[in-house]
Amino acid sequence: MRTPALIAAAFALIATSPPAPSATPDLSRLTTEHRADLRCAATLAIGASEQQRGSESALAFPPLAVRGKRYFADVGARVGAEAGLSREQVRDLLTADVAELQHTAGSDPDAALAAAIKPCLARLDRAVPPLKTPDLLRCTAILSIAFDELHAREGLTPAAQDLKTLASVLSAREHEALVAAGKSGDEADATIALAHDAMLKEAFDGEGGVEKYEIGHCYDLAKPDTKSHY
C-alpha cells in the first residue's frame, strides 16, 4: 500500500491548505457509523490508488476511481456536517485511517486490502450505484464530450489530441454500424449527434451524464481493430 499522502493524490477532495491551529477536535458527535464510513472512504482511496498503480490484485475489485471519488467526497462532507467537524479535521481522521490500514497490513498487504475492502464495497453500492456499461453509441458521445471539456480547459494538448482521435475512431465505427443496420449516412450522423445532445442533457438535468458510465469500457472499444485501418 502507498503512503498516507495518497489521500490528496488519489482524490484531492479534502482541503489541501494547511489546517489552522485549533484545539483538539470534539469527537463526541462522531458515531460508530461515521467511523465505519470514514474507514471505508480511506480503504476505497487505497484501492483506487492501487488500481491506478496497476496492482493485479486491486484490479480484481470493481473500478473505484469514479465511484470511490464520489463516495469519498460525500462521506467527508456528510460526516463533517453531522459531527460538527471542519474539512481539515475530517481530512486528519481519514489520513489516520489510511496510516492504520497500512500499519496493520502486515506481510501481505494485498490480502489485508482485500479483506478490508470487501464490506466497503457493499457500502459503496448502497451509496453510489454501480456504473453502467455504455454501448458504442454512448461511448461516441462520452469521448466527444470529454474532448470538448478538456480542449476548452487546456487547449489542444497531447492528451486532448488523443481524446479527439479516440472519439473520431468510435464515431467512425458507430457510423459504419448504423449504415450497416440500414440507416443512411445522414441518418447515422443525426443519430450520433442526438446521442451527444442526450448525454449533455442528462448532465444538465442532474441525472449523472458521463459520470454514471464506465468510461474505461469506451477506451476498450476504441482499441485498434486488426481487421481495419482504425
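Only the coordinates and a few stated rules stand behind these numbers; no lab work does. Quick caveat: nothing in here was measured; it's all calculated off a predicted structure. All Cβ positions, even for glycine, are placed from backbone atoms using ideal geometry, and neighbour counts span all protein chains on display.
Among Phe61, Phe72, Phe204, the ranking by other beta carbons within 10 Å of each residue's beta carbon, starting with the fewest, stands as Phe204, Phe61, Phe72.
Semi-axes of the equivalent ellipsoid of segment 6-127: what are they in whole Å, largest first, if each equals the square root of 5 times a C-alpha gyration tensor eigenvalue? Intermediate values should be presented prior to the final figure.
Details: eigenvalues 116, 42, 39 Å².
They are 24, 15, 14 Å, listed largest first.
Tell me, rounded to the nearest percent, the portion of alpha carbon pairs in the chain spaced more than 26 Å apart. Here the tail beyond 26 Å accounts for 49 percent of pairs.
Charges on Cβ only, +1 for Lys and Arg, -1 for Asp and Glu, centred on the Cα centroid of the chain; of His217, Thr43, Thr24, which one is farthest towards the dipole's positive end? Value: Thr24. For the chain, the longest principal axis of the alpha carbon atoms and the long axis of helix 65-83 meet at an angle near 40°. How far is helix 185-204 tilted off the main Cα axis of the chain, in degrees rounded to 10, range 0 to 90? Here the helix axis deviates by roughly 20 degrees.
In terms of distances greater than 21 angstrom between alpha carbons, the cross-link table entries Lys201/Lys223; Lys69/Lys212; Lys132/Lys183; Lys69/Lys201; Lys69/Lys223 yield Lys201/Lys223; Lys132/Lys183; Lys69/Lys201; Lys69/Lys223. Note on Thr24, Thr191: ascending count of other Cβ atoms within 10 Å places them as Thr24, Thr191, the fewest first.
GNM remark for the chain: springs join alpha carbons under 10 Å apart, and the peak mean-square fluctuation among Leu166, Leu150, Leu44 falls on Leu150.
Each helix, a run of at least 4 DSSP H residues, gives -39500 (n - 2.57); summed and divided by the residues of the chain, these come to -22000 deg cm²/dmol at 222 nm.
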